[in-house]
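Take a look at the structure set out below.
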Amino acid sequence: MFLRGGNTSAIQYFSFLLLLAAVPLSITTYLYNQSDLPKYTVLIILGSLFLILTLIFSIGFLFKPSQKNEGIIFEFDTTFDPVVLLFLISAVISTIFSLNPEVSFYGQYERQIGLVTYIYLFLIYCFSTNIFKDRDRTKQTIFVIETIAVIAALYAVIQASGWDPFGIQPASDKRPVSTLGNSVFTGGFLAMVLPFSSLNASKKSSGIMKIGFPLIILIGIIVTRTRSAYLAVILQFVIVAVFYLPAFRASGNDFRKKYSYILTGLAVIFTLIVLLLLLFPGNPFSARLTSIFFSGNNPRWILWQDAFNIFKKYPLIGPGVAMFPAAFEEFYSARLRSEDVLKYFDSPHNNYFQVLYTMGALGLTAYLLIIAQGFRVCIKNIFSQDKSKNKEKKNTKQNPAFYLAFLAMLTGYAVYGLTNFDEITILLYFFVFFSMLRAIVGEENKRNLQIKRYYRIPVLVFSLAMLFFICIHMYNCVNAIRADRYFLEGERNFASKRYADGVHNMNESIRLNNTNPVYKLMLAINIYDMLMANKQISGDNRNNMLKQAADNIIYARKNHYNKNRCDAVLSLLYFEMGRKDEAERIKTEVLAGDPVNIIYRLSLTVHYADVNEIASAKEQLDAVLLTNYSAMNVWNVAAYYYEKTNNFEEAKKYCLKILEAEPQNSYAKEFLNNHK
C-alpha cells in the first residue's frame, strides 16, 4: 500500500537509508536511557523526514500542471497489506480500550514502543515500497543494512575483547551489547541480516566482502552468547541447505558446485561445534550452547504460566499496547518472585506472548498472518518455475537469493521470538524487509486506486493533518531528549551528594516531560535516600521535601508499570512524615502483593531500627535473610541492625563481609575499630 506519483527522488531515498543506518547505531552515554530513547528519537525524526519528503513529492506530482498527469496511484497489495493493516488496527483498538490509553499511545519509558511507534512503522512500510520497485536501490539498501550489521558486529567483538572505546558497555553486563544496548538484541538483529549477507542478496562484487561480511556478522552473533540467536542461525543454515537447490536450479551449472560448498561449510561448522563442546566444556560459549538443551529450570517457564492469566482476563484485544507489566502485576506468583528476587519482568520474553498479552487474540492473529504470508510467498516463489516471456515478470521472479535469504531470515526471526522480544531496531527492519518482499514479488496481487487531480484538496487536508501529527511527535522527541539529559545530570548530582543541583535538574526533567513516571519515582527515591543519610535536615525544609516526594509518587503511580514499587516508596515517605497508620496500611498491601520485596524490607528494617521498634525490624530482616540473597546492601543493613541491638558479634561478621567486598568501606572500618 503506497502512493505512487513518479519515481522516488534521490533525497527521499537517501533520507530512508539514513534512517536505516542511524537507528541501529543510535546509543549514547549522554542520556540516562542510553539506547531505547535515542533509537526511538531517531526513528521519529528521520522517519518524519522521510515521510515529509514523500508527501511533498507525491502531492507536488498531484498539483503539477500537465495534461498527462492523471494523479496519484494508490496501490494495494492483497497479500501483505490486509494483514499489516489488521495488525495496526488491532494496536489502535487495544490502545483505545487500554488499561492506560496514554501509556499505550506513547509506550513505556524503558522500551519506547507504543501505538505511535507502530503508526510510524506502518507508514514507513507503506511509503518505502516505492523505493524497492527499483532493483538497483533494493540491492543498495541491502548493502547498507549489511554494512551497519558489520559495524555492530565489529563493535561487539571489540567489547568482547575487553575494550569499549565509547564506554557504552554496562558495568553489570559481561556480554557485549554493541550499539543495540543489549546482547540479546544485538544477536537477534545480526541474525536477521546474516542470511542476506551470506547469500549475497546485495550482489556484492568484491570477493573479500562476499566472505568477510557474513563471517564478521557470524562472529558478532557468537560473541553475544545469545542462545536464541545461536539456535536461529543453526536453523537458518538448515533452511538454506534444504531450499538452495530448488531456489537456484535455473541459475546455471555452477549452482551445484556452490551447493557442495554450502554442505561442506555446514559440516565444518558442525564439527567445530562438537569439538568445542568436547574439548572446552567449561568455555562460556560451550556453556551457552549446552544450556539451550538444559533450560528446564529457567524462570521463563514460570513467567509464561503466570502471564497466561492475562490472556484469560483480556482475551480478545488485550490490556493495551505496552501494558504487559501493568496487567501482569496482579498475576505475579510468589514462586516467580523467589526465582529471581530482584528482577521485575516488563515483558514475557517471547514475541508471540508479548503481542498476545498486550493486543490480545486479534493482535496475535494479525502478527502470525504477517509471518505466515512471508513464509508462503517465499516458498511459492522458490519452487515456482519462471515460464513467463514477459520481461518485467521475469525480472521480479528471478530473485532466488532474496527469497531464500528472506525465508532464512524469517525462520531465524520466528525462532528468536520464542524466548526474546523485539526492540525498535528489530521491529523497524522487520517492517522494512516485508516492504521489500512486497515490492519484489511482482504485480499480480496489486490493486490500483487512482486519486485524480480533482481530489487535490482532500488529499492536501489529509497530508496537512499527517504533517501536524509528525511535527508534534518530533517536538515531543526533542523535549524527551532534553529531559533525559537533565535527569541523568540529576542522578549524577545525587550520587556525588550535590543535592540542590540534583533536585533542580530532576525537577527540570519533569517540567520538560511531565508524563514520565520514572522521573517522578526516582526523584522521590533520591529525596528519601538523601534525608535518611542526612538526619540533620529537619523542620519545614524536611517536611516540604517529603511532601514533594510523596506528591511525585502519587502522580507517578498513575502511569508507572510497577505500582507496588511506587506504593512501597510512598509508605516509607509516610513513615517519615508521621503518617504511621497510612504507612502501615500501604505496607501491608505492598507485602501482600510482593512477599519477597527485598529492597523494601531492608528499608523497613532501617526505619524500624531507627524508631526502636526492634521486633518489627527483626521481622523484616529475617524475611530477607530467609531468601538467601547475599549482597552488600543486605550486609550493611544487617550490620546496622545488630549494632542497634547491641549484638556486636553478629555485626562484626557482616562488617567483615562488607570489607571483603569493599575494603575501603568507612562504616565497616569504623565499627571494627570501635569494637576490637
Seminar exercise, completed: For the chain, the charge dipole (Cβ of Lys, Arg +1; Cβ of Asp, Glu -1; about the Cα centre) points to a positive end, and the Cα of 307, 179, 632 closest to that extreme belongs to 179
Exercise. So what are the ³J(HN,Hα) numbers for the stretch 625-631, from phi and the Karplus equation (6.51, -1.76, 1.60; θ = phi - 60°), rounded to whole Hz, Gly and Pro as x?
Worked result: 5, 5, 6, 6, 6, 10, 7
Exercise. Against the longest principal axis of the chain, how steep is helix 598-610, in degrees 0 to 90 to the nearest 10, with axes from Cα atoms?
Worked result: 20
Problem set entry | Most to least packed among 489-502, 310-323 [average Cβ atoms within 10 Å] | 310-323, 489-502
Problem set entry | Global geometry of the stretch 207-248, whether rounded, prolate or oblate, following the gyration tensor of its Cα atoms and the 1.5 cut on a/c | oblate
Exercise. Among 382, 471, 165, which residue has its Cα positioned farthest towards the positive end of the charge dipole of the chain, with +1 placed on the Cβ of Lys and Arg, -1 on the Cβ of Asp and Glu, and the dipole taken about the Cα centre?
Worked result: 382
For this session: Enter the angle in degrees (range 0 to 90, nearest 10) between the Cα long axis of helix 424-440 and the first principal axis of the Cα atoms of the chain, meaning the one along which they spread out most.
Result: 10
Exercise. Roughly how many debye, to the nearest 20, is the charge dipole of the stretch 307-354 about its Cα centre, given +1 on each Lys and Arg Cβ, -1 on each Asp and Glu Cβ, and no other charges?
Worked result: 140
Exercise. Ordered by packing density, taken as the mean number of other Cβ atoms within 10 Å over each peptide's residues, highest first, how do 351-357, 100-106 rank?
Worked result: 351-357, 100-106
Exercise. Per Stokes-Einstein, at 10 °C and 1.306 mPa s, what whole-number D in µm² s⁻¹ belongs to the chain, with the Kirkwood radius over Cα pairs as the hydrodynamic radius?
Worked result: 57
Problem set entry | In order through the stretch 331-339: 3J(HN,Hα) via Karplus (6.51 cos²θ - 1.76 cosθ + 1.60), integer Hz, x for Gly, Pro | 10, 5, 7, 5, 5, 5, 4, 6, 5
Exercise. Among the listed pairs 39/133; 343/563; 343/652; 139/380, which are separated by more than 18 Å between their Cα atoms?
Worked result: 39/133; 343/652; 139/380
Problem set entry | Size of electric dipole in the chain: Cβ of Lys, Arg +1 and of Asp, Glu -1, about Cα centre, debye, nearest 20 | 2760
Exercise. Do the sum for the chain: with -39,500 (n - 2.57) for every DSSP H run of n ≥ 4, divided by all residues, what is the mean residue ellipticity at 222 nm, to the nearest 500 deg cm²/dmol?
Worked result: -23500 deg cm²/dmol
For this session: With label points built 7 Å along Cα→Cβ from the Cα atoms of residue 29 and residue 85, find their separation and express it in nm.
Result: 4.9
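Just need the relative contact order of the chain here, percent rounded to a whole number, with Cα pairs under 8 Å and 6+ apart. Kindly include the intermediate steps, with their values, before the conclusion.
Working: 931 pairs, mean separation 111.6, N = 676.
The value is 17 percent.
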Problem set entry | Packing-based ranking, highest mean first, of 158-164, 226-232, 644-650 given that Cβ atoms within 10 Å are counted | 226-232, 158-164, 644-650
Problem set entry | Cβ-placed point charges (K, R +1; D, E -1), dipole of the stretch 84-167 about Cα centre in debye, nearest 20 | 300
Problem set entry | Set of aspartates and glutamates near residue 587 by C-alpha distance (under 13 Å), chain-local residues within fewer than 8 positions excluded | 567
Seminar exercise, completed: Per the rule of 0.36 nm per residue minus the C-alpha distance, extending residue 136 to residue 632 adds in nm 172.7 nm
For this session: Using only C-alpha atoms and all pairs of different ones, pull out the Kirkwood radius for the stretch 497-630 in Å with one decimal.
Result: 15.4
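I'd like the carbon and sulfur percentage of the solvent accessible area for the chain, probe radius 1.4 Å, heavy atoms only, ligands and nucleic acids excluded.
Of all accessible area on the chain, carbon and sulfur atoms account for 61 percent.
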For this session: Using only Cα atoms, tell me the angle between helix 135-160 and the longest principal axis of the chain; keep it within 0 to 90° and round to the nearest 10.
Result: 30
For this session: Name all residues of the stretch 306-323 having a backbone nitrogen under 13 Å from the label point set 7 Å from the Cα of residue 335 along its Cα→Cβ direction, giving them as ranges.
Result: 306-308
Problem set entry | Cα pair distances exceeding 22 angstrom across the stretch 80-183, given as percent | 57
Exercise. At what distance in nm do the modelled label points of residue 465 and residue 313 sit from each other, each positioned 7 Å from its Cα along Cα→Cβ?
Worked result: 3.5
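The values are calculated or read from the model by the stated rules, or taken from the named source; none is laboratory data. In this text the structure is predicted, and so the values were computed from the model without any measurement. Quick reminder, even Gly has a Cβ in these numbers, built from the backbone with ideal geometry, and neighbours come from all protein chains shown. Note: accessible area is taken over every heavy atom of the protein model, side chains too, but ligands, DNA and RNA are not part of it. Shrake-Rupley method; radii C 1.70, N 1.55, O 1.52, S 1.80 Å.
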